[in-house]
1. For chain B, what is the mean residue ellipticity at 222 nm derived from helices alone (per DSSP H run of n ≥ 4: -39500 (n - 2.57); sum divided by total residues; nearest 500 deg cm²/dmol)?
2. Work out the length of the dipole vector of chain B about its Cα centre, built from +1 on the beta-carbon of each Lys and Arg and -1 on the beta-carbon of each Asp and Glu, and round it to the nearest 20 debye.
3. Which is farthest toward the positive dipole end of the stretch B:692-802 among B:Leu760, B:Ala702, B:Ala794, measuring Cα position about the Cα centre, with Cβ charges +1 (Lys, Arg) and -1 (Asp, Glu)?
4. Pop a pseudo-label 7 angstrom from the Cα along the beta-carbon direction at both B:Arg736 and B:Glu210 and give the gap in nm to one decimal.
5. Taking 41 Å as R0, compute the FRET efficiency from the Cβ-Cβ separation of B:Lys686 and B:Gln440 and round it to 0.05.
6. Could you grab the relative contact order for the stretch A:180-289? Cα pairs under 8 Å, six or more apart, rounded to a whole percent.
7. For A:Asn110, what is the net charge nearby, where nearby means another residue's Cβ is under 12 Å from its Cβ and Lys, Arg count +1, Asp, Glu -1?
8. Are there any helices in chain B, counted as whole DSSP H runs, that stretch 30 Å or more along their axis by Cα and score at least -0.5 on average by Kyte-Doolittle, and if so which?
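The values are calculated or read from the model by the stated rules, or taken from the named source; none is laboratory data. What you see is a predicted model; the values in this text were computed from it and never measured. We place every Cβ from the backbone using ideal geometry, glycine too, and count neighbours over all the protein chains shown. The protein model used for the area step is the full one, side chains on, heavy atoms only, and it has no ligands, DNA or RNA in it. Shrake-Rupley method; radii C 1.70, N 1.55, O 1.52, S 1.80 Å.
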Amino acid sequence: MKAAEFEYFRPTTLDEACGLLADTGDDADRCLLAGGQTLVPMMAMRLARPTHLIDINRITELQGIRDLGGSVEIGAGTRQRAVEKDPITRRKLPLLAAALPHVGHHQTRNRGTVGGSIVLGDASAEIPLVALILNATLIIHRRDGRRETMADGFFEGPMMTALEPGDILTTIRFPVWDGTTGSAFHEVAPRKGDYALVSAGAQVALDANGTCIRAAIGVGGCAPTPLRLQAVEDALVGQRLTDALITQAIAPVPDLIDPESSVHASAAYRRRAAPQLVQRALLDALSEARP
Amino acid sequence: MPDDRPAASNYRYISQPRRTKEDKRFITGRGAFVQDVQLAHTKHIALVASPYPRANILSIDTSAALAMDGVLDVITGAELTEHTDRLYHGVDLPNVRWHPLAVDMTRYAGEWVAAVIADSRYIAEDAAELVAVEYEPLDAAIGIERVMEPDAPLVHPDHGSNILLKKKFVWGAVDDDFAAAEHTISYRARWGRSSAVPIETFGVITRWSEKDEVLEVWASIQMPQYQEQIADALRIPLNAVRVHNYIDVGGSYGVKRGIKQTVLSGYAARKLGCPVRLIEDRIDNMSGGDAHGPDRLFDVTLAYNGDGLIRSMKMRVVDDVGAYPGRSIQQLGKPISALCGPYRMSSIEYDVTSVTSNKTSQVAVRGFGQAPTNFALETGVEKIARRLGLDRTEIRRRNFIRHDEFPWKIPSGTAYDSGDYHTVLDKAMRFAGWDALIAQRDAARAEGRLVGLGIATCLEPGGGNNIFEHLLNEKIQITTFVESALLKIDGQGQVTVAISTHTAGQGHQTLAATVAGEELERDPDGIRVVHLDSLEALPTRGPVASRMAIMLGSAVSKAARRLRNRMIHIAAHDLAVADTEVEYADGEFTVRGDPARKRSWLEIVFIAHRQLHRMPPDTEPGLQTIEVHAVPGGGKLPNEKGEVQIYPCFSFQAHIPLVEIDRVTGQVEILDYAVAHDCGTVINPKIVRGMMMGGIGHGIGAALYEKFDYTEDGQLLSGTFLDYLLPSAHEIPDIRDTEHCTPSPLTSHGQKGSGEGGYLGAPAALASAVNDALEPLDISLTELPMRLADIEAALHTHANPVPETAP
């Protein structure tokens, strides 16, 4: 478990990093190193063999949490633990706040970054799921420009995203919901801190009469990518949410997902657990929204 | 009634909650592990592993690897086999050949096929990728029952069968007892393939000293007769092997037995003339390190009466030892020492089969096979209780051997030394708050929650009289299982104890210093304990089998008493009185009834070392002695009925966990865990407690999380910590423990073994708790580990029974 040979770079500015990443004059395999919680073990096992490793941990432009009122921007290089502990997260992004404690262990969250988790695009990871549920805006830089893309559509397949060679995810802009909202995140993992077998997140907004005016629901570990459950959302919006309605709304979940089997959970297990975890998330979100 | 360490008050150091000698160096980062050994010009091994569980090796091309800068050599199985002898098996298997590297055929995915030796591990791994092995893949023998079928692929074709051992023992009148019993119950229990997986993998550095013609070995090892096995395999005299026993071991729990690694490293070191280091990485360790644990299928029938009394047992067990059995095959033998646990059975039939498969080889794991057997036995006790509607604690009480019946001889001939099982169980229940826990469980059940209270007991044989090996292999006629201590008091009056083994975290320095300090009335903190290397060492069996408190403790005690008496003798001579007139206390030798006439510790030390003119004429100068202690009650071969005393001392524990199962996910949460333990006199309470907590953690892993999963065609699925799930601090609850003391009559201070009991009891107790939680649904699970998906599947099947299909 020793990494194959690679060349190491440590830029201190985003421009410098973009330049290094874009410099593709040869058939080199360039790779960014952020928190390294996945990449470094992958390299040690030689499952990842970058020839050029570009360490972006010293780039201050990638750090920080900014409250913009209607949205919150998180620098892609911000440590998961820093986001978890920031009061802005708890106040403005309660779904992210609920999901973060499930991400690995606090030791790994001290290193792991929000952006690193998103660009890895693991279908059972919590942060990509939250980004998808809230349809965050992803701000991407490359040597010749900057663009924005939505999380909806970003996750294309197992560990595959819409990121192109030369792209650096720099900022994630999460929308903040107004009004009476509630959110909750549930998952089952073999042990605390393991990759989720199935995870479910839900955020709902109610009007003054208690009618659901907005719902965002998604599941992880149930398809090649994190999955938003539009059909469940549609069944809830415009309704007064009762236990019966929620039970009815989650009924199609097994047909909306496309899980695979792994050592610790079969596809059948995931099909059975997913609707139940969605239900738990919805009920908790609802009880949080109701005063 | 003995209670709460009654003897403790009589001791100055023994049983006192003193700091251990070892903790300081570990906590301050000053341990000396194998990886800390830095020798000039050390070369590094990386391994080429077979991707196939079973394949013929057609060719190995090492030229590209050898051409790399920094690569010294590539060794293959063919070369190694020419220059070294095959490795040892615990039973007689002339046609099952085990070598450090595969020869002609690979027998499991991950088996090492070639070894690259290079200037650094990085270069060695780069070169290992360039070793081109041509394989002819073959169908693999996978599945504990499948491998026994006549058309199964053969793991060792020359052996002609995948069955390595088949033996049946009958002790007592089994047929009569079955005929007389009112009921029988038959069940199957399955213990999954798990192990101990220490944070530190196995590692070894060897150096051939041309000057001394000695192979020096530094290793993270816990194995009896390590040096003998090295000498045999490398075809060098035993006195040409020097194992440095001071090396700290970063966890073992039985599994640190890297003989193949050592032979490979030793051969390379001698061939290349430089130190060669092989430190397994996690993948080497988990797939290729031959360190998996027992993998067992039990079919048990118990004969019992309506009152719950168990009269007899028929236990059939199959163990899948993987590709090469090594000594681990004998793990079916040790359970014979306590096959009926703490229960009064009058006869037992024990039918053992050991099979080979295309899985990674098995190794000794904590308890040497006893944890699975205890789980199988306790499963039956629970089943009888359920069937009779008898309380699970009551059935145990009815079957327990009584305190006044010791020594109690079980059908296989072993006499248990002492015990008070009723009292310990009562104590465990009181301490746990059994009635309150039952109320808590019932209240939760009323809310529809799945909460269960578990109970299990276990016997922990300690001391290591391994005569069971003869039962499985009559060629083994070894009856000597000793441990030695060398004690000396130097010219300054300081005490040093030299012990002859390595240590694997069991605290032998604390043990030896505490016992020596007690006997000599000197502060253990000032007593030095050193590990003799294997050339200096005295006869030893080593730190296995929960034996060191019993064996080393007794050896040190005897040696220290001898020196104490010798000092009294010197003092008496100097004071011109009879030995019996001198009293020793607190470093002073005083004439009885005449306190003014005395000699100090230092005066006697000075006489012994420097003043021959003041010495008694019959006394050797200096203050030193050797004690070689044999296992109490050992030294005998089995009689014609296969009865024999195996192990001397028997500790006892009662475990009571409370669990809750999530109905949706199948996840088990341990809400509470209480345990009462009785290992006789405790030498150091912190060490006993640490071993018990670690053992319970280990047992939680075996019960709920850990398994080496394989695909049907023989690929290891859980070969990293991503899928091989060790319980972490989150999964191990705060464990509440209480102590009891039933001293052993066979040891210096009444001590017994304590390294294994946590692991022997926890899996059975957690299975009991899970099954209690599932009882309202009439679900009973008898396969470990009980992982969340297994439990969820059982809940799902219960809720959605398969509809009967129309004819």
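1. Values: 18 runs with 208 residues, N = 807.
Rounded to the nearest 500, the figure is -8000 deg cm²/dmol.
2. Working: 81 positive and 107 negative charges, 412 e Å.
About 1980 debye.
3. Looking along the dipole axis, the top candidate is B:Leu760.
4. 6.7
5. Numbers: r = 31 Å, r/R0 = 0.75.
Working from the Cβ atoms, E equals 0.85.
6. Working: 228 pairs, mean separation 37.1, N = 110.
This gives 34 percent for the stretch A:180-289.
7. Numbers: positive: A:Arg79, A:Arg81, A:Lys85, A:Arg109, A:Arg111; negative: A:Glu84.
It works out to a net charge of +4.
8. On the way: long enough: B:548-575 (38 Å, 0.30).
Helices meeting the criterion: B:548-575.
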